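A quick write-up on the structure given underneath.
The values are calculated or read from the model by the stated rules, or taken from the named source; none is laboratory data. As the structure is a computational prediction, the values presented were derived from the model and not from experiment. Cβ placement follows ideal geometry from the backbone for every residue including glycine, while neighbour counts extend to all protein chains displayed. Note: areas computed on protein heavy atoms with side chains; ligands, DNA, RNA excluded. Shrake-Rupley method; radii C 1.70, N 1.55, O 1.52, S 1.80 Å.
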Amino acid sequence: MYIKQADEENIEGISHLFDLYRVFYEQLSDRAGAKTFLKERLEKEESVIFFAADLQGYLGFVQLYPTFSSISMQRAWVLNDLYVLTGARNRGVGSLLLNHAQEFAIQTGAKGISLSTAIANETAKRLYRKHGYAEDTHFSHYELVLTGKED
């Protein structure tokens, strides 16, 4: 198993995983839309994607979006997406992806990585806590939905 940073050559394989990730969060499957969305993020350098794979194919991915902290005046990353194929779970894929994201954040001089997950996603919460992520108890997070679609 290995981890690599995605480029345009990997869009096809990662878009399949991205589509499954969206379906997990109760969105309609849209493989073509997933492919277009990821391609645009990479072309515009708006996100960084790492994927895990082995000889059989793609196993999982993590997508990071850049942001900045005005308070600390430092770069930070938002871990927006993490997904591992059902058949590849409990093999350490998620941990490898999180470790790689952390190494990348350190290399880019980031203050940290933030993320959010579904309240009921206990499996993900356990994984994040295992890797040192702590639930935010200082700030409340709000969202203004403008498009009629909720995340």
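Among the residues of segment 43-57 satisfying the criterion of being open to solvent by less than 10 Å² (accessible area, probe 1.4 Å) and among the aliphatic types (A, V, I, L, M), which is farthest from the chain's Cα centre (by Cα)? Ranking the candidates gives Ala53 first.
Only one of Leu79, Leu96, Leu115 is among the hydrophobic types (A, V, I, L, M, F, W, C), farther than 16 Å from Ser47 by Cα and open to solvent by less than 100 Å² (accessible area, probe 1.4 Å); which?
Numbers: Leu79 fails: farther than 16 Å from Ser47 by Cα; Leu115 fails: farther than 16 Å from Ser47 by Cα.
Of Leu79, Leu96, Leu115, the one residue that is among the hydrophobic types (A, V, I, L, M, F, W, C), farther than 16 Å from Ser47 by Cα and open to solvent by less than 100 Å² (accessible area, probe 1.4 Å) is Leu96.
Among the residues making up segment 1-42, those that are touching a residue at least 60 places away in the same chain (Cβ under 8 Å) and in a helix (DSSP H, G or I) are Leu17, Phe18, Leu20, Tyr21.
Can you pull out every residue in segment 118-136 that is in a helix (DSSP H, G or I) and open to solvent by 60 Å² or more (accessible area, probe 1.4 Å)?
So in segment 118-136, the residues in a helix (DSSP H, G or I) come out as 122-130.
Those that are in a helix (DSSP H, G or I) and open to solvent by 60 Å² or more (accessible area, probe 1.4 Å): Glu122, Thr123, Arg126, Arg129, Lys130.
When you check Lys4 against the structure, is it open to solvent by 80 Å² or more (accessible area, probe 1.4 Å), in contact with a helix residue (DSSP H, G or I) (Cβ under 8 Å, 6 or more places away or on another chain), more than 26 Å from His141 (Cβ to Cβ) and not hydrophobic (A, V, I, L, M, F, W, C), yes or no? Here the answer is yes, as Lys4 does meet what is asked.
Residue by residue, here is whether (1) under 19 Å from Ile71 (Cβ atoms); (2) at pLDDT below 90; (3) in contact with a helix residue (DSSP H, G or I) (Cβ under 8 Å, 6 or more places away or on another chain) holds:
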| position | (1), (2), (3) |
| --- | --- |
| Thr108 | yes, no, no |
| Ile113 | yes, no, yes |
| His141 | yes, yes, no |
| Lys149 | no, yes, no |
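Can you work out which of the residues in segment 58-76 that are β-branched (Val, Ile, Thr) and within 21 Å of Leu42 (Cα to Cα) is least open to solvent (accessible area, probe 1.4 Å)? Here the answer is Val62.
Of all the residues in segment 43-62, those that are without any contact (Cβ under 8 Å) to a residue 40 or more places away in the chain and in contact with a helix residue (DSSP H, G or I) (Cβ under 8 Å, 6 or more places away or on another chain) number 4. The lone criterion from (1) among the aromatic types (Phe, Trp, Tyr); (2) surrounded by fewer than 14 Cβ atoms within 10 Å (Cβ to Cβ); (3) touching a strand residue (DSSP E or B) at 6+ places or on another chain (Cβ under 8 Å) left unmet by Phe139 is number (3).
Residues in segment 123-146 that are among the small types (Gly, Ala, Ser) and over 16 Å from Ile113 (Cα atoms): Ser140 only.
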